[in-house]
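Notes for the one structure printed next.
The values are calculated or read from the model by the stated rules, or taken from the named source; none is laboratory data. Model, not experiment: these values are computed from the prediction. Methodologically, a virtual Cβ is constructed for each residue, glycine included, from the backbone with ideal geometry; neighbour enumeration extends over all protein chains shown. With ligands, DNA and RNA removed, areas are computed over all heavy atoms of the protein, side chains included. Shrake-Rupley method; radii C 1.70, N 1.55, O 1.52, S 1.80 Å.
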Amino acid sequence: MKRKKKEKPVQFISNDGKHSYRYEGNTLHLNGQLKLVESGRLARNVLRKLSALNPSSLTLNLDRLEDIDSSGVMALHFVKDKLSEKGTHVEVEGGSEEVRKKMELFGHKAIEKVTRPPHRSYPEVLGAQVQRFFLTYAYGFLLLAANVFYWSLADLFNTKSRRKGEFVNQAVLIGVNASLIVLFMSFVIGLVLAMHSSGQLRLFGANIFIVDLTVIAVMSQMGPLITAILVAGRSGSAIAAEIATMKVTAELDALKTMGLDPIRFVVVPKLYAALLTMPFLIIIANVSGIFGGGVAAYVYLDITPEIFINRMRDVMQGKDLLTAFVKSQVYASIIVLTGTFYGFRVAHSAEGVGKVTTIAVVVSISLVILADSILGLIFY
Amino acid sequence: MQLQKVVEVKGLTASFDDKEVLSDVSFSANKGEVTVILGGSGSGKTTVLRHLLGLLTLHQGQISVLGKDIGTLTEDEQRDLYLKLGVFYQSGALLNSLTVGENVGLPLVQHSRIPRELIEEIVTMKLGLVNLEYAYHLYPSQLSGGMLKRAALARAIAMDPPLLFCDEPGAGLDPVSLESLDHLILNLKSLLGMSVVLVTHEVASIMRVADRVVFLEEGKTVFEGSLEKALKSEEPGVKAFFSVLKTQKDKNL
């Protein structure tokens with residue numbers, strides 16, 4: 001019974017508004033238009049019905065097809081291919097001249113699917129990453145650092161083609177404009193630090209040690225670190241964005257072809273500005289951090305400013321100032337170099353600028369913290 | 001035969017910050033024709049195009065695209081209209097996070113229920129039309145300028161739109177690539193009955209593709225008519241524009 005049914009002229013009609021299919025005697029008549037919407041139906045529903053019937057041969061009759069677009073042509077080829085795979089012999093017949101022409105234009109000139117490049121194995125990817133890290137990042141960073149430091153020294157002695165006025169400009173941008181936020185943030189941190197410690201110290205009756213704690217913590221750790229993080233967030237990102245934008249808009253190339261070294265012209269003034277202003281920012285941070293601690297000590301432990309200052313004289317050492325200075329120079333270099341490095345690495349698109357700016361901030365803050373712990377061990 | 005109008009602009013006036021950039025611009029584009037909007041830099045070509053696409057709010061004047069009045073469209077109607085328009089942007093404007101193939105297939109995936117496999121074939125075919133099959137799995141950032149343009153054109157025609165807008169397709173293309181792009185546009189026009197509105201100032205390209213020319217100068221339409229008429233026009237701006245051709249000929253002699 002079932003076998004017989006296969007050979008019989010089976011009939012189904014599928015109708016969807018502007019298009020209908022009539023299947024009769026192994027011929028599928030297409031009526032109306034075959035465009036984007038109809039092609040979807042042809043390639044899904046009608047194909048499913050036809051495959052279920054699995055005829056030995058099939059003719060696609062286009063005589064009554066009024067309009068077809070590229071997706072329609074592709075859908076016809078798609079149906080043809082799918083059924084051919086199952087062993088059905090498919091033919092296309094009829095069609096107006098226009099339909100024929102379009103069939104040819106969007107023809108099936110052996111569409112070769114481009115295969116996606118194969119995925120690499122995990123160890124291979126890992127190896128490539130490690131290699132990339134050393135060759136591109138570590139090597140590139142060192143190269144840039146060497147270049148920047150060379151020019152920063154050369155610039156000191158060769159005043160002839162130095163960029164005029166930019167150093168002051170950058171010093172204001174990187175240093176002066178950051179002073180208020182540094183002042184405020186350090187005050188808050190000093191205050192909170194002392195406030196939290198005060199409870200513990202009171203338990204042991206070691207109230208006076210709040211001074212030691214505040215001064216040491218702020219001078220050797222908190223002040224420089226807070227400053228560096230704020231500067232990295234403010235200026236590190238600005239440096240990366242500025243250089244990246246200059247690269248995308250070919251300004252760096254323009255500088256080069258005007259005989260100006262981009263590193264000397266753009267980076268060196270920033271480095272000078274950061275190196276000069278960072279120590280002052282750290283001084284601001286230290287003073288206001290200790291002041292914050294002093295406020296907390298007075299409020300929570302009744303240590304008067306007089307006692308606080310007297311004790312502070314004993315706690316503070318000349319070494320602390322040296323530490324703060326060394327740190328300021330190291331952090332300033334890290335921030336400027338990281339911003340510059342990622343700025344130069346931008347891909348040639350506007351999208352890349354945002355990306356490198358984000359990475360520059362994350363990396364410079366991480367490097368600053370790393371450097372802080374190393375310097376902390378050295379100056380302990 | 002009555003020519004059907006696909007684009008009709010009447011009295012379009014637009015200003016940015018009190019500065020009038022378009023004043024009383026009127027022109028129309030016919031079905032099945034290539035209409036070139038041309039004019040010098042700053043003549044308001046791109047502003048006109050952005051108004052046609054509904055990207056700028058219409059304050060004064062009347063614009064109808066494919067018989068729909070742009071000023072009065074609801075959001076849904078506007079979206080339906082967008083599905084019938086192909087737009088080719090000067091910069092390519094391909095999405096950077098998707099491959100070229102995904103870019104071209106994006107409107108198909110979003111607006112139809114065609115199976116993936118078939119979409120991939122359609123995309124490959126469209127990329128084939130612009131000779132870019134091999135770029136299917138590449139990202140836009142890996143393409144050269146000319147390739148980007150072709151990929152952008154493939155995306156613009158992904159849905160077989162009856163009306164195609166092109167914003168300076170020639171910018172940054174070499175003459176040979178531009179010629180093949182022009183031929184492609186002509187092919188699309190003749191075979192799909194696609195109407196094209198082209199903003200450009202490439203004279204060579206205009207000579208090849210234009211049926212109708214609209215010339216803008218300082219925000220005003222100074223000429224509208226067939227290419228033949230434009231070549232004979234006595235309007236100083238138009239004359240100066242096409243005189244470039246003459247100097248080229250003189251050099252050859």
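Between A:340, A:59, A:357, the GNM of chain A built on Cα springs shorter than 10 angstrom shows A:59 fluctuating the most. FRET efficiency for the residue B:57 to residue A:93 pair, using the beta carbon distance and R₀ = 56 Å, is estimated at 0.60. Springs between Cα atoms under 10 Å define the GNM used for chain A, and in it the highest mean-square fluctuation of A:142, A:260, A:58 occurs at A:58. Put simply, the amide H of residue B:7, placed in the peptide plane, has neighbours under 5 Å in B:29, B:66, leaving out anything fewer than 5 places away on its chain.
Measuring from centroid to centroid over Cα atoms, what is the spacing of segment B:146-195 and segment A:200-270 in Å? Result: 50 Å between the Cα centres. Note on segment B:93-159: along the principal axes its Cα atoms extend 32, 22, 18 Å, ordered by decreasing extent. In this structure, the amide hydrogen of residue B:223, modeled 1.01 Å from its nitrogen in the peptide plane, lies closer than 5 angstrom to those of B:215, counting only residues at least 5 positions away or on a different chain. Amide H to amide H, with H built 1.01 Å from N, residue B:88 comes under 5 Å of B:165, B:166, B:167, counting only residues 5 or more places away or on other chains. Dipole orientation for the protein assembly as shown: of the candidates A:125, A:180, A:288, A:125 has the Cα lying most toward the positive pole (charges on Cβ; Lys, Arg +1; Asp, Glu -1). Computed from the mean reciprocal separation of all distinct C-alpha pairs, what Kirkwood hydrodynamic radius does segment B:33-73 have, in Å? So the Kirkwood estimate lands at 11.3 Å. Taking all protein chains together and a 1.4 Å probe, the residues B:242, A:167 rank A:167, B:242 from largest to smallest accessible area. Remark: chain B is approximated by an ellipsoid whose semi-axes, taken from the C-alpha gyration tensor as √(5λ), come to 30, 23, 16 Å, largest first. The slack in the chain from residue A:57 to residue A:142, taken as 0.36 nm per residue of separation less the alpha-carbon distance, amounts to 23.5 nm.
Per q in 0.09, 0.11 1/Å, what log10 I(q)/I(0) does a Debye calculation on the alpha-carbon atoms of the protein assembly as shown return? Values returned for q = 0.09, 0.11 Å⁻¹ are -0.93, -1.09.
Ordered by solvent-accessible area of protein heavy atoms (1.4 Å probe), largest first, the residues A:64, B:113 come out as B:113, A:64. Looking at the square roots a ≥ b ≥ c of the eigenvalues of the Cα gyration tensor of segment B:1-83, which shape do they give, rounded for a/c under 1.5, prolate if a/b is larger than b/c, or oblate? Oblate shape, in that a/c is at least 1.5 and b/c is the bigger or equal ratio.
Judged by the ratio a/c of the largest to the smallest principal axis of the C-alpha gyration tensor, segment B:160-253 counts as oblate, that ratio being 1.5 or greater while a/b is no larger than b/c.
From the Cα gyration tensor of segment A:296-341, with a ≥ b ≥ c the square roots of its eigenvalues, which class applies: rounded if a/c is under 1.5, or else prolate if a/b is larger than b/c, or else oblate? Cα axes put segment A:296-341 in the oblate bin.
Helix A:305-315 and the longest principal axis of the C-alpha atoms of chain A enclose an angle of approximately 90°. In whole angstrom, segment B:77-224 maps to an equivalent ellipsoid with semi-axes of 26, 18, 14, each derived as √(5λ) from the alpha carbon gyration tensor and ordered largest first. A convex hull fitted to the Cα coordinates of segment B:195-235 yields 79 cubic angstrom per residue. Coordinate range of the alpha-carbon atoms in segment A:161-378 per principal axis, descending: 69, 33, 30 Å.
Counting Cβ atoms of other protein chains within 10 Å of each residue's Cβ and taking the mean over peptide B:116-128 gives 6. In whole angstrom, how far apart do the alpha carbon centroids of segment B:30-89 and segment A:327-380 sit? Result: 47 Å between the Cα centres.
Residue by residue, segment A:143-150 carries 3J(HN,Hα) couplings of 4, 5, 4, 4, 4, 5, 5, 4 Hz when phi is fed to the Karplus relation 6.51 cos²θ - 1.76 cosθ + 1.60 (θ = phi - 60°); x denotes Gly or Pro. Note on chain A: with a GNM built from Cα contacts shorter than 10 Å, the maximum mean-square fluctuation among A:166, A:66, A:242 falls on A:66.
Its DSSP H runs of at least 4 residues, each contributing -39,500 (n - 2.57), put the calculated 222 nm mean residue ellipticity of chain A at -21000 deg cm²/dmol, to the nearest 500.
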